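To keep things clear, I will list the structure first and then write my remarks on it.
The values are calculated or read from the model by the stated rules, or taken from the named source; none is laboratory data. It should be emphasised that the depicted structure is a prediction, and the values quoted were computed from it without experimental measurement. A quick note on method: Cβ atoms are made from the backbone with ideal geometry, for glycine too, and the neighbour counts reach across all protein chains shown.
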Amino acid sequence: MIHRIYSDMPTFKELQFHQGLNVILADKSPGATERQTRNGAGKSSLIELIHFLMGAILDKSSLCRTPALSQYSFGIDFDLGQARTQIERTGDTPSKVLIREANLENWPIKPHRDRLSETFVISNAQWQTVLGRLMFGLMESLAIFLFRSASISRWIFISFKTICPATNMGSAGGNILSVRT
């Protein structure tokens, strides 16, 4: 469960989620037609932000990488592997995930402690592996999940040995299953 989405950006409105169904709607002005919804309310931006926080590799034109937002930290507080977890990422350093709160006991890859900030840090690629294991039970040999949110196309690259460990596919030569939808 996602508990909250937050940022150190002064104008960011923290979102708190509750058990059960949470619905995010844009307001409509009185007298507006069905087609006159309030664009710019942030619904799509929220989805992109959650995508980013959950390990997405974003291109330079993505919301969190724009010059106006890249300096700020964005975070998510959620349940991971039956433990409350809080992480943060910034557009300036998208390859780094800061671990603010977590039970690291069952993590397949342990983060290291940053000397300057005294915060646990893990690379985004390692974060993807942690998420794959703790959320979906995927093996550590998961290669890459790359979702291109800027376009309709999505590519998924998975080590065949991860999905089908009993097969001869996925040998050290790196047979990769490529699915394009």
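What's the number of the only condition in (1) at pLDDT below 90; (2) buried (at least 17 other Cβ atoms within 10 Å of the Cβ) that Pro30 fails to meet?
(2)
Of the conditions (1) in a loop (DSSP other than H, G, I, E, B); (2) in contact with a strand residue (DSSP E or B) (Cβ under 7 Å, 6 or more places away or on another chain), Lys110 satisfies every one except a single condition; which number is it?
With (1) in a loop (DSSP other than H, G, I, E, B); (2) in contact with a strand residue (DSSP E or B) (Cβ under 7 Å, 6 or more places away or on another chain) applied to Lys110, the lone miss is (2).
Quick check on my filter: what residues within the range 57-87 are among the aromatic types (Phe, Trp, Tyr) and more than 13 Å from Arg4 (Cα to Cα)?
First, pick out the residues of the range 57-87 that are among the aromatic types (Phe, Trp, Tyr): 72, 74, 78.
Passing the criteria: only Tyr72.
Might you let me know whether the range 55-62 holds any residue that is hydrophobic (A, V, I, L, M, F, W, C) and within 20 Å of Asn22 (Cα to Cα)? Before the answer, list the steps.
Going through the range 55-62, the residues hydrophobic (A, V, I, L, M, F, W, C) turn out to be 56-58.
After this cut, where a residue has to be within 20 Å of Asn22 (Cα to Cα) as well, the list is none.
No, the range 55-62 has no match at all.
If I filter the range 119-135 for residues that are modelled with pLDDT of 90 or more, part of a loop (DSSP other than H, G, I, E, B), touching a Ser or Thr at 6+ places or on another chain (Cβ under 9 Å) and buried (at least 20 other Cβ atoms within 10 Å of the Cβ), do I get at least one hit?
no
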